[in-house]
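Student: Next up is a structure, given as structure tokens.
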Amino acid sequence: MDQFTINLLFVGASFALYIGIAIWARAGSTSEFYAAGRGVHPVTNGMATAADWMSAASFISMAGLIAFTGYDNSSFLMGWTGGYVLLALLLAPYLRKFGKFTVSEFIGDRFYSQTARVVAVVCLIVASTTYVIGQMTGVGVAFGRFLEVSNEMGLFIGAGVVFAYAVFGGMKGVTYTQVAQYCVLIMAYTIPAIFISLQLTGNPVPALGLFGDHAASGEPLLAKLDAIVKELGFNEYTAHHADTLNMVLFTLSLMIGTAGLPHVIMRFFTVPKVSDARWSAGWTLVFIALLYLTAPAVGAMARLNITEMMWPNGGINGEAVSVEQIETDPQYAWMSTWEKTGLLAWEDKNGDGKIQYYNDKSADLQAVAADKGWTGNELTKFNRDILVLANPEIANLPGWVIGLVAAGGLAAALSTAAGLLLAISSAVSHDLIKGSINPNISEKGELLSARIAMAVAILVATYLGLNPPGFAAQTVALAFGLAAASIFPALMMGIFSKKINNTGAVAGMIAGISVTLIYIFLHKGWLFIPGTNSFTDADPLLGTVKSTSFGVIGAVINFGVAYVVAGMTKETPEEIKDLVESVRIPRGAGAAQDH
């Protein structure tokens, strides 16, 4: 059986499972559509939240970014994991106790303002839509390789699958679909990692193998990797080379952005009790840890495998891989298949029949390159988003493992895309239409408007996914910055400060989202249109602060503006102060109120 057929079987079987679950768990009421009837078990919810959380950025892109940068990109791991702890401890139990369906509804009621609710909806849609772009990027990459279609066709197929199980199932359908997707994605991530760890270190636990010895040489794995990449003119893998200020800001931006993501917060509205929200958070951390402890090992081992494949004859002092070997050796067949997607490319620039892979910008290597007759790095393109998906092929693992990874990559992207689209649709139908435009709309009408809103959101997200502003994880980092600058401060002040009134909250959110969005557009292009940017992340506007790191500055602006404006305007009403006090008391949770 050829690899294409195996891929079809794995992907087709997983899709049939997701759609079947969605039909079985179809939402029949707004409570089931928005919050799964508040009857989800904490363990089930923990697994679904983990799938919702571990998007294409975590599954497809993160290990690739770590692999080609090393220690400096560990900020993705630190920021996302730390942020989830922040969310679990500071926000989730209190928001569940409030007893609403959506984040925007909480903000509207806490700040006793329809304007605050509408502004929160706008912030939510901006952040979630940016996030979805990254997921659609991952969908296109996965389909492009494993189903041998273009990235564009992959986006359209993925959009159709999401439409089938998210539009009809709502939160109830999405919850149980995400449980299945978690099982698929975690097996798809860990099984290849176990195989590769055994090959390179003899240790079946990748996280331990990372700090073990390289089986072939007897050296510590990381020491060998450091030596090889340094020899090729790249930075040492385990050393810190990036700007420290930007790294700290980036990590903080990811952390507080995590705690402001509406599609993750919504999951805590689905459990029966406040205590269940806390248990859900704990179980989610366990399920997330299974992947996040493995990712650094996947990145390091893949980088070592790729480097040794490009220099199979003893490193830079030996001979590079030949064009003939790439074209004829089955071990290199993955390069030809990924080349067809346009995400991998090489060129024999000096016509010597070899493909030299090295850092041609390294001053230390320029003399060596000139002496050997090299004219530049000949591995001209290696998209970071392909590394995890290509990893089983690079390591020459069995075909069924490659098929499983195909299904896992799509599960990761589609599960988060569904959660985000649900957050967008509920914001439009429940908070905007029912909350502001037509409060008397029937439950049937509200459910219909939610499904229409989701369908429109899918179309918009698919269109934007055709031209992403960066790799999947980089695009997602922009969304975290937007959530950090807008939603997170409003939630924190809403729960822990009685002083902030409606005017302060609205002013803070508008200031935070506006400044952050402008900073991102200045670096990534207005509305992410290529060529319309004035700066780049290599040469940013504000010192060394990249667009992906600006969210924490936006959050500080949000907090500052909110407190200044609140201090200059009318004091928060006593009944709202009492409401804040009741939310912070850790006892019980009332039934959801629909109004």
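The values are calculated or read from the model by the stated rules, or taken from the named source; none is laboratory data. The structure displayed is predicted, hence computed values, not measured ones. All Cβ positions, glycine included, derive from the backbone under ideal geometry; neighbour counts span all protein chains shown. Keep in mind that these areas ignore ligands, DNA and RNA; they rest on the heavy atoms of the full protein, side chains included. Shrake-Rupley method; radii C 1.70, N 1.55, O 1.52, S 1.80 Å.
Student: Cβ-Cβ distance below 6 Å, separation of 6 or more or different chains: which pairs start in region 495-512 with a residue that is farther than 17 Å from Glu571 by Cβ and end on one that is aliphatic (A, V, I, L, M) and surrounded by fewer than 22 Cβ atoms within 10 Å (Cβ to Cβ)?
Tutor: Close Cβ pairs (under 6 Å, with a partner that is aliphatic (A, V, I, L, M) and surrounded by fewer than 22 Cβ atoms within 10 Å (Cβ to Cβ)) amount to Ala511/Ile557; Ala511/Val561; Gly512/Ile557.
Student: Do you know which residues across region 276-313 are polar (S, T, N, Q) and without any contact (Cβ under 8 Å) to a residue 40 or more places away in the chain? Let's see the steps before the verdict.
Tutor: Step one: filter region 276-313 for residues polar (S, T, N, Q), giving 280, 284, 294, 305, 307, 313.
If the condition is that a residue be polar (S, T, N, Q) and without any contact (Cβ under 8 Å) to a residue 40 or more places away in the chain, then Asn313 is the only one that fits.
Student: So which helices (runs of 4 or more DSSP H) are wholly in region 363-471 and hold at least 1 residues that are closer than 30 Å to Gly260 by Cβ and at pLDDT below 85?
Tutor: Working: elements: 363-372, 387-394, 399-426, 443-465.
The qualifying helices (runs of 4 or more DSSP H) are 387-394, 399-426, 443-465.
Student: Restricting to region 213-225, what's the tally of residues that are open to solvent by 20 Å² or more (accessible area, probe 1.4 Å) and either part of a loop (DSSP other than H, G, I, E, B) or within 18 Å of Leu365 (Cβ to Cβ) (or both)? So that I can check it myself, show each step before the final result.
Tutor: Quick first cut of region 213-225, residues open to solvent by 20 Å² or more (accessible area, probe 1.4 Å) only: 213, 215-220, 222-224.
Narrowing the set further to residues that are either part of a loop (DSSP other than H, G, I, E, B) or within 18 Å of Leu365 (Cβ to Cβ) (or both) leaves 215-219.
Residues that pass the stated criteria total 5.
Student: So, in region 461-485, how many residues would count as being aromatic (Phe, Trp, Tyr) and in contact (Cβ under 8 Å) with a residue 60 or more places away in the chain?
Tutor: Taking region 461-485 as the starting set, the residues that turn out to be aromatic (Phe, Trp, Tyr) are 463, 471, 480.
Adding the requirement that they be in contact (Cβ under 8 Å) with a residue 60 or more places away in the chain leaves 471, 480.
Looking only at that region, the number is 2.
Each row is one residue, and each column tells you yes or no for (1) of a type in the set (A, V, I, L, M); (2) part of a helix (DSSP H, G or I).
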residue: Thr177; (1), (2): no, yes
residue: Ala180; (1), (2): yes, yes
residue: Cys183; (1), (2): no, yes
residue: Ala188; (1), (2): yes, yes
residue: Ile191; (1), (2): yes, yes
residue: Ile194; (1), (2): yes, yes
residue: Gln199; (1), (2): no, yes
residue: Ala207; (1), (2): yes, yes
residue: Phe211; (1), (2): no, no
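Student: Could you please tell me which pairs satisfy a Cβ distance under 8 Å, a separation of 6+ or placement on different chains, a first residue in region 135-153 that is within 19 Å of Ala51 (Cβ to Cβ), and a second residue that is aromatic (Phe, Trp, Tyr)?
Tutor: Thr137/Phe471; Gly138/Phe59
Student: Within region 554-574, which residues are open to solvent by 60 Å² or more (accessible area, probe 1.4 Å) and among the hydroxyl-bearing types (Ser, Thr, Tyr)?
Tutor: Hit for region 554-574 is Tyr563, nothing else.
Student: Additional query: Looking at Ile424, Ile437, Ile458, which is the one that is free of Cβ contacts under 8 Å to residues at least 60 places away in the same chain and either surrounded by fewer than 20 Cβ atoms within 10 Å (Cβ to Cβ) or under 27 Å from Ala180 (Cα atoms) (or both)?
Tutor: Values: Ile424 fails: free of Cβ contacts under 8 Å to residues at least 60 places away in the same chain; Ile458 fails: free of Cβ contacts under 8 Å to residues at least 60 places away in the same chain.
Result: Ile437 is the single residue among Ile424, Ile437, Ile458 that is free of Cβ contacts under 8 Å to residues at least 60 places away in the same chain and either surrounded by fewer than 20 Cβ atoms within 10 Å (Cβ to Cβ) or under 27 Å from Ala180 (Cα atoms) (or both).
Student: Would it be correct to say that Ala505 is buried (at least 20 other Cβ atoms within 10 Å of the Cβ), touching a helix residue (DSSP H, G or I) at 6+ places or on another chain (Cβ under 6 Å) and either over 21 Å from Thr137 (Cβ atoms) or modelled with pLDDT of 90 or more (or both)?
Tutor: On the way: buried (at least 20 other Cβ atoms within 10 Å of the Cβ): yes; touching a helix residue (DSSP H, G or I) at 6+ places or on another chain (Cβ under 6 Å): yes; either over 21 Å from Thr137 (Cβ atoms) or modelled with pLDDT of 90 or more (or both): yes.
Criteria met by Ala505.
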